[in-house]
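Q: The structure follows.
The values are calculated or read from the model by the stated rules, or taken from the named source; none is laboratory data. Being a predicted model, the structure only gives us computed values, none of them experimental. Note that each Cβ is placed from the backbone with ideal geometry, even for glycine, and that neighbours are counted across all protein chains shown. SASA here: full protein model, heavy atoms, side chains in, ligands and nucleic acids out. Shrake-Rupley method; radii C 1.70, N 1.55, O 1.52, S 1.80 Å.
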Amino acid sequence: MAIARWLVGRLILLFNFIFSPSAPKMSAEEKTMLSEKTAHLSLYHLPTCPFCIKVQRAMKRQGLTIALKSIKDPALKEELITQGGKRTVPCLKITDDTAATKWLYESNDIIAYLAKYS
Ligand SMILES: N[C@@H](CCC(=O)N[C@@H](CS)C(=O)NCC(=O)O)C(=O)O
């Protein structure tokens, strides 16, 4: 079972690599401005999780660079569980200076939230 799961994970990574969406053309200045706008966001993920890959593909299509935090790291996994409330990935951590930190679960909701940065 573990081997099958490992194999499926590798296949997901391979297909994602081969059929990687293209990023929009942006100047270096535009890229810097966009990454400043999204500096308060980080995506908790697992490298072979299909829902996480779906979110990352949407990010790439928009040209977004958001800090990735793999929960393969036990400390980050613990952070997600204790602060976010559950260990499900993907989860977008939204840190706002003026409000409490928000933990957004569900790939479709994350993609919808990120659409405002287009
Ligand atoms: N409906 C969720 C599904 C997310 C999901 O099932 N993630 C899996 C990894 S691919 C997971 O974290 N499972 C462990 C758990 O739910 O605790 C989404 O679209 O984001």
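Q: Quick one: in region 45-66, of everything that is open to solvent by 20 Å² or more (accessible area, probe 1.4 Å) and β-branched (Val, Ile, Thr), which residue is nearest to residue 89 (Cα to Cα)?
A: 48
Q: Further, regarding this structure: Quick one: which of 39, 23 is outside any helix (DSSP H, G or I), over 25 Å from residue 99 (Cβ atoms) and over 12 Å from the mean Cα position of the chain (by Cα)?
A: None of the others qualify; the one that does is 23.
Q: Could we say that residue 99 is out of contact with any Lys or Arg (no Cβ under 7 Å at 6 or more places or on another chain), open to solvent by 50 Å² or more (accessible area, probe 1.4 Å) and assigned to a loop (DSSP other than H, G, I, E, B) here? Show your work before the answer.
A: On the way: out of contact with any Lys or Arg (no Cβ under 7 Å at 6 or more places or on another chain): yes; open to solvent by 50 Å² or more (accessible area, probe 1.4 Å): yes; assigned to a loop (DSSP other than H, G, I, E, B): yes.
Answer is yes for this residue.
Q: Still on this model: Where the second residue is open to solvent by 80 Å² or more (accessible area, probe 1.4 Å) and the first is within 13 Å of residue 109 (Cβ to Cβ) and lies in region 73-95, which pairs have Cβ atoms under 7 Å and are six or more apart or on separate chains?
A: 90/51; 94/102
Q: Being assigned to a helix (DSSP H, G or I), within 16 Å of the ligand (Cβ to nearest atom) and out of contact with any helix residue (DSSP H, G or I) (no Cβ under 7 Å at 6 or more places or on another chain) is the requirement here; does residue 108 meet it? Give the derivation first.
A: Details: assigned to a helix (DSSP H, G or I): yes; within 16 Å of the ligand (Cβ to nearest atom): yes; out of contact with any helix residue (DSSP H, G or I) (no Cβ under 7 Å at 6 or more places or on another chain): yes.
Here the answer is yes, as residue 108 does meet what is asked.
Q: For residue 69, state whether it is surrounded by fewer than 18 Cβ atoms within 10 Å (Cβ to Cβ) and among the basic types (Lys, Arg).
A: On the way: surrounded by fewer than 18 Cβ atoms within 10 Å (Cβ to Cβ): no; among the basic types (Lys, Arg): yes.
Taking the combined requirement at face value, the residue does not satisfy it.
Q: What's the total number of residues in region 97-118 that are over 30 Å from residue 29 (Cβ atoms) and either of a type in the set (D, E, K, R) or at pLDDT below 95 (or both)? Spell out the reasoning first.
A: First pass over region 97-118, keeping only residues over 30 Å from residue 29 (Cβ atoms): 100, 103, 105-109.
This time we only want the ones that are either of a type in the set (D, E, K, R) or at pLDDT below 95 (or both), so: 100, 106, 109.
Count: 3.
Q: Return the residues of region 72-96 that are among the basic types (Lys, Arg) and either at pLDDT below 95 or open to solvent by 80 Å² or more (accessible area, probe 1.4 Å) (or both); say none if nothing qualifies.
A: At the first step, the residues of region 72-96 found to be among the basic types (Lys, Arg) are 72, 77, 86-87, 93.
Of everything in region 72-96, those that are among the basic types (Lys, Arg) and either at pLDDT below 95 or open to solvent by 80 Å² or more (accessible area, probe 1.4 Å) (or both) turn out to be 72, 86, 87.
Q: Tally time: how many residues in region 74-96 are in a helix (DSSP H, G or I), of a type outside the set (S, T, N, Q) and within 16 Å of the ligand (Cβ to nearest atom)? Before the answer, list the steps.
A: As a first pass, look at region 74-96 and keep what is in a helix (DSSP H, G or I): 74-84.
Retained after the next criterion (residues that are of a type outside the set (S, T, N, Q)): 74-81, 84.
After this cut, where a residue has to be within 16 Å of the ligand (Cβ to nearest atom) as well, the list is 74, 76-81, 84.
Number satisfying all stated conditions: 8.
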